[in-house]
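Q: One structure, pasted below without further comment.
The values are calculated or read from the model by the stated rules, or taken from the named source; none is laboratory data. All figures in this text were calculated on a predicted structure; none of them were measured in a lab. Note that each Cβ is placed from the backbone with ideal geometry, even for glycine, and that neighbours are counted across all protein chains shown. Side chains are part of the model used for accessible areas, which takes the heavy atoms of the whole protein and leaves out ligands, DNA and RNA. Shrake-Rupley method; radii C 1.70, N 1.55, O 1.52, S 1.80 Å.
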Amino acid sequence: YGTIEGMDKSISRILQGTMMLQEDDLESGFALLDGVWELGVNGFDCAHNYGGGQSERVLGQWLDARGLHEKAVILTKGAHHTRDKKRVNPIDISMDLAMSLERCRTKFIDVYVLHRDNLAVEVGPIVEILNEHKAAGLIGLFGGSNWTVPRIQEANEYAYKHNLAPFTVSSPNYSLAEQVKEPWAGCVSISGPQNESDRAWYSEQNMPLFTWSSLAQGFLSGKFTRETFEDYKENLPGSCVEAYCYEQNFERLDRAGELAKEKGLVVPQIALAFNLSQPLNLFSLIGVFHPDECKANVEALNLKLTQEELDWLDLKRDER
């Protein structure tokens, strides 16, 4: 668990995603949420646009049924773009937040992040509307998902100049696998050697990071190797192939498999441990479909990789 300044609850280092929850199968959804809760996961990752609102609705019903609103930590996202418009503006932010509160059956969102950014919009009105909602007691911590470091710095400079609360959390992609191309438009990653300065800034700031896709959309699932990739390829989403299936990542996959074998673990555990062993205030957003998968992730929390192992996995050295 970790503690975050401004939050009066401790929060598990892994948060369960909710994209797979369906209103027409509450039994399975409740069983999944019960299972991960029993394993100690008390944080849940949602978004206004997940499942057309189903994710938030099912989570809200479960929190009600189990009486866990005061104990659980809700992270939800808003202001995702649509095909018609970019929605990072005060009106759409407020509309999405109001709907998320209603769906989650709560009066307060612990962590609220903007799902995308729009560089054509000045940061001032964005910072101001988030501060209004914070002052009204509707949200706690706030920040950006898929916001670049320079844009966060710009937002926080505005906040400090105007005596407002700044962005205090960020939710970029981070994984052992380097994101060579965007899996979807507007994604921001801090993986790979080209983003080392961003990671250094986050480390210096000690800003909580809620990172997504630690398994690179299944590239680090351990379900295939370099040798069996062509046979397994059709089971991967096209966005995974487009973003991650390149030689530098196959080399990382080879090394993760070798280290997993040495330690009696599996590749996904090595991939998660790679993230959590970094000098970052990191919380990992995971999306298991069964509590048994979550159990393996919980076990990975106890694995601390050495700097030598981290550098070797990330191709910064040839030998360990």
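Q: Within the group I93, I74, which residue is open to solvent by less than 70 Å² (accessible area, probe 1.4 Å), outside any strand (DSSP E or B) and not acidic (D, E)? Working first, answer last.
A: Values: I74 fails: outside any strand (DSSP E or B).
None of the others qualify; the one that does is I93.
Q: Hey, another quick one. Take the residues in region 5-40 that are polar (S, T, N, Q) and open to solvent by less than 60 Å² (accessible area, probe 1.4 Å); name whichever of them is nearest to L97 (Cα to Cα).
A: T18
Q: Let me ask you something else. Which pairs have Cβ atoms under 7 Å, sit 6 or more apart or on different chains, and link a residue in region 296-320 that is in contact (Cβ under 8 Å) with a residue 60 or more places away in the chain and within 30 Å of G35 (Cβ to Cβ) to one that is among the aromatic types (F, W, Y) and in a helix (DSSP H, G or I)?
A: Final answer for the pair search is L313/F274.
Q: Are any residues in region 49-71 open to solvent by 50 Å² or more (accessible area, probe 1.4 Å), part of a helix (DSSP H, G or I) and within 30 Å of D117 (Cβ to Cβ), and if so, which ones?
A: G52, R57
Q: Here's another thing I want to ask about it. Being touching a residue at least 12 places away in the same chain (Cβ under 8 Å), touching a Ser or Thr at 6+ places or on another chain (Cβ under 9 Å), open to solvent by less than 70 Å² (accessible area, probe 1.4 Å) and not in a helix (DSSP H, G or I) is the requirement here; does L280 meet it?
A: So L280 passes the test.
Q: Continuing with the same structure: Listed residues R13, R83; which is under 20 Å from H290 (Cα atoms) and among the basic types (K, R)?
A: Going through R13, R83 in turn, the sole match is R13.
Q: Test S221 against the stated conditions and say whether it is in a helix (DSSP H, G or I), open to solvent by less than 80 Å² (accessible area, probe 1.4 Å) and not aromatic (F, W, Y). Write out each step before concluding.
A: Working: in a helix (DSSP H, G or I): no; open to solvent by less than 80 Å² (accessible area, probe 1.4 Å): yes; not aromatic (F, W, Y): yes.
Considered against the rule, which asks whether it is in a helix (DSSP H, G or I), open to solvent by less than 80 Å² (accessible area, probe 1.4 Å) and not aromatic (F, W, Y), S221 comes out as no.
Q: Could you tell me how many of the residues in region 188-199 are more than 16 Å from the chain's Cα centre (by Cα) and farther than 15 Å from V169 by Cα?
A: Counting residues in region 188-199 that are more than 16 Å from the chain's Cα centre (by Cα) and farther than 15 Å from V169 by Cα gives 6.
Q: Could you please let me know if G43 is closer than 30 Å to Q269 by Cα and open to solvent by less than 50 Å² (accessible area, probe 1.4 Å)? Reasoning before the result, please.
A: Values: closer than 30 Å to Q269 by Cα: yes; open to solvent by less than 50 Å² (accessible area, probe 1.4 Å): yes.
So G43 passes the test.
Q: Of the residues in region 94-132, how many are free of Cβ contacts under 8 Å to residues at least 40 places away in the same chain and closer than 21 Å to I11 by Cβ?
A: Going through region 94-132 one residue at a time, the tally reaches 7.
Q: Within region 115-152, which residues are open to solvent by 40 Å² or more (accessible area, probe 1.4 Å), within 13 Å of V88 (Cα to Cα), of a type outside the set (D, E) and in contact with a helix residue (DSSP H, G or I) (Cβ under 9 Å, 6 or more places away or on another chain)?
A: Within region 115-152, L119, P125 meet the criteria.
Q: While we're on this one: Whether any residue in region 164-180 is touching a strand residue (DSSP E or B) at 6+ places or on another chain (Cβ under 7 Å), open to solvent by 30 Å² or more (accessible area, probe 1.4 Å) and in contact (Cβ under 8 Å) with a residue 60 or more places away in the chain is what I want to check. Walk me through how you get there before you give the answer.
A: Within region 164-180, the subset touching a strand residue (DSSP E or B) at 6+ places or on another chain (Cβ under 7 Å) is 167-174, 179.
Narrowing the set further to residues that are open to solvent by 30 Å² or more (accessible area, probe 1.4 Å) leaves 168.
Add one more test, that the residue is in contact (Cβ under 8 Å) with a residue 60 or more places away in the chain, and what stays is 168.
Yes.
Q: Read through the list (1) hydroxyl-bearing (S, T, Y); (2) assigned to a loop (DSSP other than H, G, I, E, B); (3) within 26 Å of M19 (Cα to Cα), then give the number of the only condition that Y232 fails.
A: Against the list (1) hydroxyl-bearing (S, T, Y); (2) assigned to a loop (DSSP other than H, G, I, E, B); (3) within 26 Å of M19 (Cα to Cα), Y232 comes up short only on (2).
Q: Filter region 77-90 for residues that are more than 16 Å from E132 (Cβ to Cβ), part of a loop (DSSP other than H, G, I, E, B) and within 20 Å of the chain's Cα centre (by Cα) and give the result.
A: Across region 77-90, the qualifying residues are H80, H81.
Conditions (1) surrounded by 18 or more Cβ atoms within 10 Å (Cβ to Cβ); (2) under 16 Å from the mean Cα position of the chain (by Cα), marked per residue:
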| residue | (1), (2) |
| --- | --- |
| E230 | no, no |
| L236 | yes, no |
| E251 | no, no |
| E258 | no, no |
| F274 | yes, yes |
| H290 | no, no |
| E293 | no, no |
| K316 | no, no |
